[in-house]
1. Taking R148 as meeting all but one of (1) surrounded by fewer than 18 Cβ atoms within 10 Å (Cβ to Cβ); (2) touching a residue at least 12 places away in the same chain (Cβ under 8 Å), write down the number of the exception.
2. What single numbered condition from (1) farther than 25 Å from R69 by Cβ; (2) in a loop (DSSP other than H, G, I, E, B); (3) touching a Leu at 6+ places or on another chain (Cβ under 9 Å) fails to hold for G150?
3. State whether the residues of segment 136-145 include one that is under 22 Å from I17 (Cα atoms), surrounded by fewer than 17 Cβ atoms within 10 Å (Cβ to Cβ) and aromatic (F, W, Y).
4. Only residues that are outside any helix (DSSP H, G or I) and open to solvent by 80 Å² or more (accessible area, probe 1.4 Å): list them for segment 97-135, please.
5. Residues being surrounded by fewer than 16 Cβ atoms within 10 Å (Cβ to Cβ) and over 25 Å from K113 (Cβ atoms): count how many of those fall in segment 28-50.
6. Show the residue pairs that are 6+ apart or on different chains and have beta-carbon atoms under 7 Å apart, the first residue being within segment 65-94 and free of Cβ contacts under 8 Å to residues at least 60 places away in the same chain and over 28 Å from W141 (Cβ atoms), the second being open to solvent by less than 10 Å² (accessible area, probe 1.4 Å) and assigned to a loop (DSSP other than H, G, I, E, B).
7. So, of the residues in segment 71-96 that are in a loop (DSSP other than H, G, I, E, B) and out of contact with any helix residue (DSSP H, G or I) (no Cβ under 9 Å at 6 or more places or on another chain), which turns out to be least open to solvent (accessible area, probe 1.4 Å)?
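The values are calculated or read from the model by the stated rules, or taken from the named source; none is laboratory data. None of these values were measured; they are calculated from a predicted model. FYI the Cβ positions are ideal-geometry reconstructions off the backbone, even for glycines, and counts take in every protein chain you see. The area values use the complete protein model at the heavy-atom level, side chains included, leaving out ligands, DNA and RNA. Shrake-Rupley method; radii C 1.70, N 1.55, O 1.52, S 1.80 Å.
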Amino acid sequence: LSIRRQRQMCIRDSVYIGQHRRESEPSVINPSLPITEYGLTDPLDYWPSYIELTPRQRGVYLNWLSTGRGPIDELGYVFIYFYGLERYVYIDAKMEATQKRDANLKAIVVEVKRLQSQFSESRSFEGYSNLLLDMIYIHHWPERINDRKGVLPSNSPAAAKHVIITQANMQKHDPLDADWALQWAIGYGTAVSRTKAVRDLSLIHI
């Protein structure tokens with residue numbers, strides 16, 4: 001595909017495009033920056049951003065966006081795209097009408113889970129992507145947070161922490177949900193015993 005066609009296709013995906021207001025965001029695609037489809041590609045920096053890519057790297061990234069966002073050797077390209085999803089969840093979703101916001105968030109959940117299946121060997125992406133999914137439910141869909149109950153990330157499950165701390169402060173005498181407690185235990189391991197959440201955990205046999 002031509003670079004011009006790739007740009008047109010990218011506009012229909014979950015990306016930010018512009019030259020001014022969001023140009024400092026790592027995920028924003030500035031269409032005025034040079035792009036090439038030819039030549040060797042240098043390795044990405046540890047914290048890549050679109051504006052700092054070489055013209056050849058931009059060509060690789062736009063091609064990846066426009067051809068299904070499948071497996072790719074350098075995970076940094078995936079993170080550039082992922083930063084845009086984070087931007088929407090943490091900042092821009094708050095400014096959207098409820099119906100539009102929920103539709104966009106639903107699409108992001110589907111997309112993040114798809115990316116997780118594509119890059120399941122990356123513990124780094126697993127951690128960041130699970131955190132983003134947890135934050136969607138904590139900040140935007142608290143009434144549906146039990147949808148995250150069965151997820152057992154490798155570390156720091158934010159949804160489990162949120163539910164347990166909320167219950168520990170609002171329903172002090174009720175036993176913790178065993179599934180949430182298990183998720184907490186797997187994700188965080190040993191915790192300070194004087195906390196209310198851990199005292200409650202000691203009452204549950206799992």
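1. Failed condition: (1).
2. With respect to (1) farther than 25 Å from R69 by Cβ; (2) in a loop (DSSP other than H, G, I, E, B); (3) touching a Leu at 6+ places or on another chain (Cβ under 9 Å), G150 is out only on (3).
3. Looking for residues that are under 22 Å from I17 (Cα atoms), surrounded by fewer than 17 Cβ atoms within 10 Å (Cβ to Cβ) and aromatic (F, W, Y), one finds none in segment 136-145, hence no.
4. Listed by number, the residues that qualify are S120, E121.
5. So the answer is 15.
6. Cβ pairs passing all conditions: G76/P48.
7. I91
For every residue, the table says whether it meets (1) modelled with pLDDT of 90 or more; (2) over 16 Å from the mean Cα position of the chain (by Cα).
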| position | (1), (2) |
| --- | --- |
| S27 | yes, no |
| T36 | yes, yes |
| D45 | no, yes |
| D73 | yes, yes |
